[in-house]
Amino acid sequence: MNTANPAFAHAAPRTLGPVARSIHRIHALFARIPEDAIKLLARVSLAATFWTSGQTKIEGLVLDPIGWNMELGAPRVSDNAIELFRSEYALPLIDPTLATYLAAIAEHVLPLLLLFGLATRLSAFSLLVMTLVIQIFVYPSAYPTHGLWAALLLYLMARGPGVLSLDHFIARRQQH
C-alpha cells in the first residue's frame, strides 16, 4: 500500500468505500510512474527549451530539434542578438556583447550536458541562475514559465539525472 497520502495510510483498501478504493487505485497507479522517466523528460524538455533559445542568438549553424532543421556551418553570434542585449535585455553590470556571447555559449553547452545527463546538477544549477536573471532583469512578468523551468531544474538538482544518464554510468563505473 502506498502510504504517501496520509488519508489512505491507516485504512486497508478493502475497508474503504468504493470511491475511496477507486482513488486509492488511481494513487497506486500514479505511484508506479518511473521517476527515471520523469527525470529524462525534464532533462530533454529543458534542453530543447534552452537550446532553441540559444539558436536564436547565433547564425551559421542551425540544429533545430523541434522543427528538424539542420544547417552546418561555423556558428557566430548574430548582430541582432547583440542589439537585443543592448536594448530589450539590457542587463546591469555587464557589457551587452559579453552578455550575448555568454548566453549563447551557455544556452548551447548546458543543454547538451543536461540532455546527456553529464554534470547534470551543476548544469541545472547554472540554468537556474540564468532563469533567475531572465526573470528578475529581463521578463519579470513571465514568472509562470520561469517557475516551471525553476521547478524542473530544482528537481534535477535535488534528485539527479536518473539511470539514463552519463552521470549514472560514470558513478556505476567508479563503484566497481
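The values are calculated or read from the model by the stated rules, or taken from the named source; none is laboratory data. For clarity, every value in this text was computed on a predicted model and none was experimentally measured. Cβ coordinates were reconstructed from backbone atoms using ideal geometry, including for glycine residues, and neighbour counts include every protein chain displayed. Side chains are part of the model used for accessible areas, which takes the heavy atoms of the whole protein and leaves out ligands, DNA and RNA. Shrake-Rupley method; radii C 1.70, N 1.55, O 1.52, S 1.80 Å.
For the reader, a short list of remarks on this structure follows.
- Residue within the range 136-154 that is modelled with pLDDT of 95 or more, in contact with a helix residue (DSSP H, G or I) (Cβ under 6 Å, 6 or more places away or on another chain) and of a type in the set (Val, Ile, Thr) present: no
- Pairs, first within 20 Å of Gly54 (Cβ to Cβ) in the range 130-143, second assigned to a helix (DSSP H, G or I) and open to solvent by 90 Å² or more (accessible area, probe 1.4 Å), C-beta under 8 Å, six or more apart: Gln135/Tyr143
- Looking only at the range 125-176, and only at residues there that are of a type in the set (Ser, Thr, Tyr) and loosely packed, with under 14 Cβ neighbours inside 10 Å, the one that is nearest to the chain's Cα centre (by Cα): Tyr143
- Of the residues making up the range 77-98, those that are surrounded by 14 or more Cβ atoms within 10 Å (Cβ to Cβ), of a type outside the set (S, T, N, Q) and more than 16 Å from Ile134 (Cβ to Cβ) number 3.
- Options Gly73, Gly67; residue that is modelled with pLDDT under 95, closer than 15 Å to Thr52 by Cα, of a type in the set (Gly, Ala, Ser) and surrounded by fewer than 18 Cβ atoms within 10 Å (Cβ to Cβ): Gly67
- Any chance Leu118 is touching a residue at least 12 places away in the same chain (Cβ under 8 Å), closer than 18 Å to Val44 by Cα and not in a helix (DSSP H, G or I): yes
- Given (1) in a helix (DSSP H, G or I); (2) without any contact (Cβ under 8 Å) to a residue 12 or more places away in the chain; (3) among the β-branched types (Val, Ile, Thr), index of the condition Ile94 fails: (1)
- Residue match in the range 158-168 (condition: at pLDDT 95 or above, more than 16 Å from Ile38 (Cα to Cα) and among the aliphatic types (A, V, I, L, M)): yes
- Filter result (in a helix (DSSP H, G or I) and touching a Phe, Trp or Tyr at 6+ places or on another chain (Cβ under 8 Å)) within the range 131-176: Thr131, Gln135, Phe137, Val138, His146, Leu153, Met157, Leu166
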